[in-house]
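Have a look at the structure below, then the notes.
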Amino acid sequence: MRLVRTPAELTTAFRTAGLKVTPQRQLLFRLLHDNRAHPTADALFATASVDMPGISLRTVYQTLNDLVAMGELR
């Protein structure tokens, strides 16, 4: 099983793809890194909301969609 790349690698990949790297996305990168579970968007949102109460579910979905489009997630 391939793990998600490091947060630093994902940050570089997003910038290379012309995507914004926000604190919310960096938090999601950290939560996904080395996560052997298969978290749902709702589970990621719940976890991220503890550290960053202002994060939106839309941001979680958009970040996941971007990662899928980049081939980082399936």
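The values are calculated or read from the model by the stated rules, or taken from the named source; none is laboratory data. These figures come from a predicted structure and were not determined experimentally. Because the Cβ atoms are built from the backbone with ideal geometry, glycine has one as well, and the counts that use them run over all protein chains shown. Just the protein is used for accessible areas: all its heavy atoms, side chains included, with ligands, DNA and RNA removed. Shrake-Rupley method; radii C 1.70, N 1.55, O 1.52, S 1.80 Å.
Results, tabulated for the structure shown:
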| quantity | calculated |
| --- | --- |
| Bins of 10 Å from zero: percent of alpha-carbon pairs in the chain | 20, 60, 20, 0 |
| Calculated FRET value between Ala41 and Thr16, using beta carbons and R₀ = 30 Å, to 0.05 | 0.80 |
| Label point at Val68 placed 7 Å out along Cα→Cβ; residues across the range 24-47 whose backbone nitrogen lies under 12 Å | 41 |
| Fraction of accessible area attributable to carbon and sulfur, the chain (%, probe 1.4 Å) | 54 |
| Normalised contact order of the chain, rounded percent, pairs of Cα under 8 Å and 6 or more residues apart | 32 |
